[in-house]
Structures are given as structure tokens and as C-alpha cells.
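The values are calculated or read from the model by the stated rules, or taken from the named source; none is laboratory data. Fair warning: this is a prediction, and the values are worked out from it, not measured in the lab. Methodologically, a virtual Cβ is constructed for each residue, glycine included, from the backbone with ideal geometry; neighbour enumeration extends over all protein chains shown. Just the protein is used for accessible areas: all its heavy atoms, side chains included, with ligands, DNA and RNA removed. Shrake-Rupley method; radii C 1.70, N 1.55, O 1.52, S 1.80 Å.
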Amino acid sequence: MFEQLKKDALQKIENANDLEQLEKLRVALLGKKGTITEQVKTIGTLPAQERPKAGKILNELKQEVQRAIEAKRESLQRVEAEKLSAKMWVDVTLPGARRRVGHRHPIMKTLEEIEIIFVSMGFKVVEGPEIEDSWHNFDALNTPEWHPARDEHDSFYLDDLLLRTHTSPVQIRTMLSEQPPIAIISPGRVYRRDYDATHLPMFTQVEGLYVDENVSVAHLKYTLEKFAQEIFGKQRRIRLRPSFFPFTEPSFEVDVSCGVCGGKGCQACGYSGWLEILGAGMVHPNVFRNVGYDPEKWTGFAFGMGVERITMLKYNIKDMRDFVRNDKRFLENF
Amino acid sequence: MLVPLEWLREYVQTDWTEEEIANRLTMAGISVKNIVVPAIKGKVVCAIVKKVQPHPNSEKLHVLEVFDGANTYRTVTSDLTVGENSRVAIAMPGTVLSNGSIVEPASIKGILSEVVMCSLEELGLETKSEYVYQIEEEIPIGTDLIRYWKIDDRVLEVEITPNRPDCLGIIGIARELAALCGAPLQMPEIDFEQRNEDVNDFLKVSVEDLDGCPRYCAGYMESVKINHSPIWLRRRLMNAGIRPINNVVDISNYVMLETGHPVHIFDYSQITDGHIIVRKAQEGEQVTLLDEKQYTLKGIETLIADRKKIIAIGGIMGAMNSGVTDCTEKIALEVAYFNPVRIRKSSKSLNIKSDASYRFERGVDPNDAIFVMKRLMHFVEKIAHGKATKGFVDIYPQRISPKQVFLRRSRLHAVLGTTVQDQRVKEILESLEMNVHITKDGWKTQIPTFRNDISIEEDIIEEVGRIYGYEKIDPQAPKITASGKGWSDLSLFRKTIRQILIGSGFDETVNLSFASSSVVKDLMNIDSLKLKNPMTEDMDCLRPSLIFGLIDALSYNVKRQIKDVKIFEIAKTYSLNNGVPVEREKIGIVMMGQLNEEDYTDNRSASLLNMKGVLDELSSHLSVDLQVVPEQIDWLTAGRSGKILLEGEEIGVIGMLNSKFNQVYDIKGEIYYMELDLERIFEKSKICRQPKEIPSFPAVRRDISILIPVGFASGQILSFFARSSEYVEKVGVSDVYKGKDLPEGVVSVTFYVIYRAFDRSLTDEEINTIFEKTVRDIEDTFGVKRRFA
Ligand SMILES: [Zn+2]
């Protein structure tokens, strides 16, 4: 009875070319005034005994047509999506058109880290000149001209001035212009006549100074252990090994426990379990006198480290000269 | 300093292992860098030569049979002086000798040599030997000689800080060890026979230079027999790094190593009238010392002389003319105390560093002279058969007395940040040979004169601390009050610039501050700030520009096939201003090769305008008006250089390096460079500016292409536009066109101008009028023409 109608409808659906055509077709068949809808409306005019059968057939027809439209819609959508994506296609597996960002120099990277650690403890970063006079570089620091300790500071001279051999002169300058309490670190370039795999004639130092009432070795120990743990890792320990610097008394070499063996001893630490990282000590009373501080009232600690050495330990760099070669492949690691 | 362990243990009985000794000394400040293990290993025994026969195939060799008490071995030797019944040290196969060679049975011209007869060199007892060592001591055949002579004794390599000259002698180190382990220090024997003749009948000493030589002690001995030293003495010297010479010289070295007090022995027969005169040198005097070199004196040295000649530079080195020789029979022995500063000055000016000067300039004990003299005579008597007269000459008019230092209990505890028991403090100080009295407030101490490093309370605090052990001090957080922000504004400003440049693709570099003054002169034609004592010629001055350094980094990379380089450095440059050295912090930027090497969609190369783009970006970020003005600069390429102005003041340069740089540094390609004065920009920068109000009325844009001839500065047109109307918001360039349709030497530059009013919408008509007038004015003013008239 409705066979022809069904055949035509399915044929038209099959032939639909795009989604728009299909939608028009749906309205023509199943819309309020669609062919099939109109047919359903005629059921009421049929004899009573034929109504259920006709109703059932028409209902099945309606459902079948609906299914056909859905199926066709999906297939058309797929086709359209494919067309669209071919038009938009970018091969995302090609490398990115990269804008290369530069790299921080490893020394500067470590220096920034050191500064942040001490600044967060309350220290202030202070800078000073590289060309110094020997009073600020030596005499004020309790190192008179004929002291054998000057052997370790083989300096470059410019007539009556010199290139500072450490950043301690900045401490002197600060103490001359400010009153305690003082907590400063002074980073900067320093110069000594030495050039090999473990020495550069120019290197970077950070020196620190804390002056207040009742400053003790215990405070120095806490501060430097905190520093070592921040820069090398929480598990690290430090030890104070007695040493000598003219400007501190008592003086120490500060060692950090070896990160490779944890202190048991290995090749990296020369089988001692410890690595030397900095020098430190309690400020010598003569240094205080030289800047007009009363050594009875004020005590303090000072420390100094080579940023190159810290960087070498941190990143396991073997040759200090790499820092001034600036090989791009080296710099790109930082 | 090298400290043979067996020697050290002679003065302290301890059951500590060598590792423990090394560790404890290190933690007390006597830094042991290494424990040296001698190379010798295996079996060397005392044997007797039973039979000597010629070698059948060589006249230069002998074949010997040697007997070690159990077996007889055959050995072949080229030392034809070894005879029957000679006792020799034979090394068994597998033994490693001191020079590293391994003993193996070997056929020598057809005869199998089973063992090696050792020379002193092979035993590590001499630096160079020519003969087999024939044993002189009464040693039983079969004795294990490595053990008997202790030649495998380990040696501590110790680093002594300059404040501890007392530890430049083995007794000094033993004293430290004794204090650490609680054992007594056993001082060595000093006994010897004194004959009845008075020393003053043989020796006379006049000290004229008391400042240089506060104490001069002399002794006299005769009947001395010069020979080589016994094995034990040679071994100790060799292990301590001193070459044995003869018994008397060896004894003087030995006593110096033992006590830390350098001594000198003269051939008495060379001293005119037996009269020693200690005097200050005169400038220009000449002397030949034991190193066989001639020196001209500066007049600051303390001389040991006689009436006719100089016989030593006191505390530094003896003269050739009076040294001990193989024929010496009578000797004069010197134990003196020289002024440390005078010794250091003399040693520096003569450029002589001797074991003696090293110790004297740090300061030896003035008060151990008699002990040292006795120790010296003890050995000369026992080893070299010398005979001493009665007494010594001792010129010591102003005695140097021990210092008294009071240590307050409160100060000790405050500085260490911990409490040390009173009794323990006393114990520690006494173990270091101080005289100690406990009082109500602390400890009254008398410091022995060998500790010239101790003179104030803090010095004693250090002594207590290092023996007590710093590991026993608990860390304690200091109460630091932060003052202001952590960084100065300049320092934060520098950080911002670094971030901008790194973000723009530049790698940060650190370069040495040195340059070669001749290269600087050649490339820039300026005189640089020269060092008085440079390390090398190519680092003889401080760089006047950061390009020296940056270009080294560039060249280092280019030589490694890395040709796309964008680098910068922020550092000081140096110059002389009216004779005064001046340092200024600069920013140096270098660009070469591909502009964006990692971006394959962009194949542009670095150019001057890209470098200027960096400058404009800095201007914008740092809120400064950095202008470039064309300027011919010698070391930059003609037509591609300019100076950078900030509010009219020159603060930098920009350009392409001239080809001389390419030649000198062997780099091919265009190198762009810019240098800016960081401090000047900082002073003018308004990083904390207020943001501009965001406009709410629309803008009107006009574009115009103008034909610009070569050499014309388009910047003039930009500024003309900028000043042309109150409504100009922005002016810029949208295109630069060079085409065949344009005349030679002319480019078309398209300028754009954005107009905007803050309070209303501008009309096209009013802007057309303004724009047209401005373009005409530009044509009239600069004589240029628009491209599409
Ligand atoms: Zn380790």
C-alpha cells in the first residue's frame, strides 16, 4: 500500500548531496506538512478494522525513513569534516618555527641563586669598584704589606692602584659608611695572577659580612649550613675546618659533605667525603678598629666564596676555563 | 710540607692510624692534603756476594752469585766495583722499585739474571745513582731491608697556613698531634761532649745589624769527617723532599726539618780570623751564592760576613766561598733569628725563595736557638765525628719575651656561641705549652715564643675552638634585621636588561676583562689602561670596550663551525681620565649570522636595523629616548655606524665592525655590534612611569611613500611628522622598497602617521589637510619627492 512511497523516500535520501538538501528532504517527508505526515493524518478516514494495520505499517515506515535520514546525515557530516580538515591541514609533526630565547651564563645563574638565598635571610647585595687601592684591599683587612699571606693574593697592579683580589674591600667601604647592624653580601669580579684548569686570572666572588652584638661561631655555622643546603640540597652537611685569613680570627675553611657519596668518600671528593666550598671566620678586631667600630661592642662573621667553584661543584664542570670560552653549546645547558 | 709518619711518631706515641692522624690534624687546622705511599713494594733483602766472574759475552759486565742466607741467586751487573763479600740489597722478582720499575728475571747477553742488586736510587734514597749500593752497616744477611730501613714509610703532605711557622718543623706538628691525642710530646736527645777549650778562643761574632738579626748564636766544631749520611737520615730527608748531599749538610737540613728553625754551617777555615760580622748590606755589593748565581744586593739584606767578604745572606742562602766541602774539617755552626719583614723584603727583591727564607719570613722561635744548636752538635758528633768546644757564642741583647694574654670566660663563650668547661680550656691551652692560671673571670695565659701568631684574645679563642672541636658547636640562627630591599635599584635595572636581552635571543657571556694593548691600538687607535705586571702580552691591559672579550667568544664559536651567534655581556670597561683609572659598566651586544636560526620560516641574516631594533626595544622597555645619529667611527664600517644619544649625550655606538676585526680575529661575515653605557641609561630611565590613558576615540592613519636618496637620514622625516600636529599619536615606517623601477641610489620609504584626538573623532577632511600640508612641507624642507605624485 505504501511500498512506492517508501521506495521513493529512501531513494531520495540516498541521493542527497549535502546536509542542506537532506534537511529539506526531512521536512518534505516528516515535517508538519510532509508526505508521510499527511499520510498518517489520513488513517482516521479508513475503516475501523483497517486502521490498526495501516497505523502500524505507517509507523514502521516513518521510523525507517527517520533512521535512513540519520544514517545519511552522519555520513554526510563525515564527508564534510574531511573536506574541511584537508583545507585547514597543517603538518603538526614539522618542527616549530622557534624563536630561540637566549641563556643565562652559568656563573650569573649561580650568582643569582646565591644572592636570593642570602637576601631571603636578610642580607643586602652591595657592589663596589674593581680598581682598588691597597689600603682597602689589604691594609684595612689586617694584611700589612710584608705579610706572607699576601702570597696567596698575587695581584695585578696599575701604577699605585691594583685590581681587587677579593670583594672584601666592599665590606670595608660599607662599614666606613654605615653603622651596625650590617648584613651584606658583595658579589663581583676579582683578579689574581693565576691561569689553569682550576684558576682564572679573573673570577667571580661573593663575600658576606654580618656585624651585630653577640654574633658567634654558632651563628656563622647556622647561616652557612643553611646556604649549603639551599644551593646543594637539603641532605648536605657542612664542617668548619680551622684555617687562616688575616682578616678573621678564628678562621675556617668550610667543607660541604660530598653529594656523590654522601660523606663516605669517593673519587669526586678525593676520598675525604668533603668538598671545600668557602672560607669564613669571625671578623678580626683589627678590621673593626680600622673602620672605627668598637670590637668590644660588635662582633661579626664574614665569608667568601668563588662562584666558579660553586658552579663547578653544582653542575660537575671540570675545567674552569669553560666559563670564559662561552661555547654556545656549553651556554645552552643553562 | 712533607711529614714522614715514622719520623712524626718518634715524638708522640699514639695508636691512631695514619688516616686518623691525617683527619685529626686536618680538623685542627693542619691541613693534610694527601697521604703519600712510596712506590717501593715487594721484597728487598740483605745478601752477600759469594762469587764474581766475568761475563762470557761482555767485558763490561760481571756475573755474580749472591747469597741471602737461604738461597743463592745469579745476577748480572755492569757495576764492576762490586766484589766478593760485598753486602748488597737484592730485589726479588715481582718487587716494584722506587723509580717504578718491576724486577723480573731477564737474560742479559745470554746469562739469566735472577735478581737485581739495588742502587740507592732504586731504593728511593738518592735522586740519581750510578753504582750498586754496597751496604756499610752491620746488617744480618737475609734481613728484609724495606722494613729495616722503613723505606715504605708513608708521608703526610701537609699544607701549613702562613700564620703557623711553628708547624714548618716536624716537632711542631708532633706538638699538635700530642695536644689532640693527649699523649706527651717527647723531645729528642741533645747530648754531646764539650771539650775544655772555650768557643771564644775560636769564634768571635759582632752583630752590627741588630734590627735584621736580633739573635745570633754560633758554635764551633772540629775533626769533622765529611762522608755520606747513614741510610736512616737519607731516607728521612728523601721522604721529606730534600736531596741528601753529605753528612754535615744533611744534618743541617735535618735539624731544620725537625725543629722548623733553619741553620747554617760554614767551613770555618774560610772565615777570616774566625770573626763573623753580621751587618747590613750596601747597595751594589755582589755575592755568588750556593745556587752558583751571582746577586747584586739592594742594601736591605742582612749579611753574614767576615773582614774580607760576604759568607752568606742571613736567613736566605750561604755564599759559594764558605760552604762545606769534602775537605772541610772545622765548621762554624749558625743558629740565628732574623727579622721576618727584612727577610721577606730581601727574598722578594733578590727573587730567592729558600727553605730558610720561607721559614724566617713567617717567623721562627727566637728562644729555641740553644736547643737547636745542641741538637745540631749532637748529630755532628754522632754522625760526622765532630768535636765541640765549650759553650756557644750567643749575641741576644734584647730578649724577646713570651706574651701575656688574658682570655675572658664571657668573651670565649660569646664568640664561640657555646660553653666550654673551665678545666677543659686549661687543659687545651696547656697541651699547647701555654702557661695558664684560672682566675675569677677567665684565664691568664703566657704564650710560648714559637707561637708568634698568638697575640690577642681572639687568637686564644681560636686555639680553644680548634682543639675542642667546632663540630661540637650547635648551629644557632642569627637574628638578622633586613634593611631595605635586597638589591640596589641599579642591580635590579641590570637584571631587567639581562632579561630583555636573553628573551630577545641573546646568550649571556662572561669574558676576561683583559685585552692586548697592541690589538686595541691597532683596531681602535686608542691607548688602553695597562697593567704593570700582566700575565701575558695578549692580556696586558684592561679592555676599553666590551668588544674585546665578546669577539674572543665569537671567534671561539666560529672556529667550531658555530656561525649564528647572538651574545651579550654586561661588565666594566676601563680607561684613563686625566691620569686616573675609570671603570664604567657597559652593555655590549654582538650579532652575526642568521637572525632567527631556529626559525626555518625566517631566513633573514643579522643586520644593522635588527640591532637597532634591539636598541628601540630597550628604549621602549626602559622608558628612555635612545636616538641613533649617523656618525663615522674608525673601527666600524663606513656607512654602517652611528652614535647613540640619550638626551643629547653620547652614551654608546652601533654599527658593523670594520674588516680589520675580521682579519685580526679570522672571522668571515658581517659582525654587528652595539655598546651602551648602563649607568647613564639607569640614571635617565623612568621605569616607574605612569601608564598612558587608553584613548576612547578612533584613530586615523595616513601612509605616504617618499623617495629617499642614499645618505639621507630618514629619521629627520619621522621627527618632522612627529612634530607636525598635536594629533600625531605615532609615526613609523611600514616598508622600505628598492626596485628596478626606482632610480639608482634611491629607495622608497613608506611612512605612516597615526592621528588621534582625545576628546572627539577626527574627520577625514581635517586630517587630509594636515597630512597633505605636512608632506608638502617635508618635500620643501628636505628636497625629497613622494613616490606617487
Ligand atoms: Zn664523595
Report task. Mind listing just one residue for me: the one in segment B:416-439 that is hydroxyl-bearing (S, T, Y) and open to solvent by less than 60 Å² (accessible area, probe 1.4 Å) and, of those, nearest to A:F247 (Cα to Cα)? Result -> B:T418
Query - Search result, residues across segment A:158-185 that are aliphatic (A, V, I, L, M) and under 32 Å from the mean Cα position of the chain (by Cα) - result: A:V170, A:I182, A:A183, A:I184, A:I185
Report summary line: Condition set of a type in the set (A, V, I, L, M, F, W, C) and under 23 Å from B:P162 (Cα atoms), scope segment A:279-299, selection nearest to the ligand (Cβ to nearest atom): answer is A:A280
Query raised in the report: Which condition number in (1) assigned to a loop (DSSP other than H, G, I, E, B); (2) within 20 Å of A:A71 (Cα to Cα) is the one that A:Q21 fails?
Result: (1)
Query - Lone unmet requirement of (1) open to solvent by 10 Å² or more (accessible area, probe 1.4 Å); (2) more than 12 Å from chain B (Cβ to nearest Cβ); (3) under 36 Å from the mean Cα position of the chain (by Cα) for A:I131 - result: (2)
Report summary line: Across segment A:156-177, the tally of residues that are surrounded by fewer than 21 Cβ atoms within 10 Å (Cβ to Cβ) and at the interface with chain B (Cβ under 9 Å from one of its Cβ atoms) stands at 4
Report summary line: When segment A:146-167 is checked residue by residue, the ones that are free of Cβ contacts under 8 Å to residues at least 24 places away in the same chain and part of a loop (DSSP other than H, G, I, E, B) are A:W146, A:D159
Report task. Assess whether A:F247 counts as being among the hydrophobic types (A, V, I, L, M, F, W, C) and more than 28 Å from the chain's Cα centre (by Cα). Result -> yes
Query - Subset tally (residues that are over 19 Å from B:A28 (Cβ atoms), in a helix (DSSP H, G or I) and among the aliphatic types (A, V, I, L, M)) for segment B:423-441 - result: 0
Query raised in the report: Got at least one residue in segment B:154-161 being out of contact with any strand residue (DSSP E or B) (no Cβ under 7 Å at 6 or more places or on another chain), of a type outside the set (A, V, I, L, M) and not in a helix (DSSP H, G or I)?
Result: no
**Report entry** Qualifying positions in segment A:260-278 - within 16 Å of the ligand (Cβ to nearest atom), within 30 Å of A:V215 (Cα to Cα) and more than 14 Å from every other protein chain (Cβ to nearest Cβ)
**Finding:** A:I277
Query raised in the report: Within segment A:211-229, restricting attention to residues that are open to solvent by 10 Å² or more (accessible area, probe 1.4 Å) and facing chain B (nearest Cβ under 9 Å), which residue is farthest from B:N511 (Cα to Cα)?
Result: A:N214
Query raised in the report: Being at pLDDT 95 or above and aliphatic (A, V, I, L, M), is that true of even one residue in segment A:317-332?
Result: yes
Query raised in the report: Do we find that B:D527 is open to solvent by 10 Å² or more (accessible area, probe 1.4 Å), more than 7 Å from chain A (Cβ to nearest Cβ) and outside any loop (DSSP other than H, G, I, E, B) in this structure?
Result: no
Report summary line: Looking across segment B:489-517 at residues that are without any contact (Cβ under 8 Å) to a residue 12 or more places away in the chain and either more than 25 Å from B:S685 (Cβ to Cβ) or open to solvent by less than 50 Å² (accessible area, probe 1.4 Å) (or both), the single one that is farthest from the other protein chains (Cβ to nearest Cβ) is B:K495
Query raised in the report: Of the numbered conditions (1) within 10 Å of chain A (Cβ to nearest Cβ); (2) touching a residue at least 12 places away in the same chain (Cβ under 8 Å); (3) out of contact with any Ser or Thr (no Cβ under 7 Å at 6 or more places or on another chain); (4) farther than 30 Å from A:D133 by Cα, B:Y574 satisfies every one except a single condition; which is it?
Result: (4)
Report task. Answer yes or no as to whether A:I317 is away from the ligand (no atom under 16 Å from the Cβ), surrounded by fewer than 18 Cβ atoms within 10 Å (Cβ to Cβ), hydrophobic (A, V, I, L, M, F, W, C) and away from every other protein chain (no Cβ under 11 Å). Result -> yes
Report summary line: When every residue in segment B:440-488 that is open to solvent by 50 Å² or more (accessible area, probe 1.4 Å) and more than 9 Å from chain A (Cβ to nearest Cβ) is compared, the one nearest to B:L407 (Cα to Cα) is B:K444
Query - Residue match in segment B:592-607 (condition: touching a strand residue (DSSP E or B) at 6+ places or on another chain (Cβ under 9 Å), on the phi < 0 side of the Ramachandran plot and β-branched (V, I, T)) - result: no
Query - Residue count for segment A:138-150, restricted to those that are open to solvent by 50 Å² or more (accessible area, probe 1.4 Å) and more than 7 Å from every other protein chain (Cβ to nearest Cβ) - result: 3
Report task. Restricting attention to segment A:230-256, report how many residues are open to solvent by less than 10 Å² (accessible area, probe 1.4 Å) and within 16 Å of the ligand (Cβ to nearest atom). Result -> 2
Report summary line: segment A:27-120: helices (runs of 4 or more DSSP H) wholly inside it with 1 or more residues that are among the polar types (S, T, N, Q), within 14 Å of chain B (Cβ to nearest Cβ) and buried (at least 17 other Cβ atoms within 10 Å of the Cβ) are A:106-120
**Report entry** Yes/no for B:I343 being buried (at least 19 other Cβ atoms within 10 Å of the Cβ), in a strand (DSSP E or B) and touching a Phe, Trp or Tyr at 6+ places or on another chain (Cβ under 9 Å)
**Finding:** no
Query raised in the report: Got a sec? Which strands (runs of 3 or more DSSP E) wholly within segment B:533-647 have at least 3 residues that are buried (at least 19 other Cβ atoms within 10 Å of the Cβ)?
Result: B:565-577, B:580-592, B:636-646
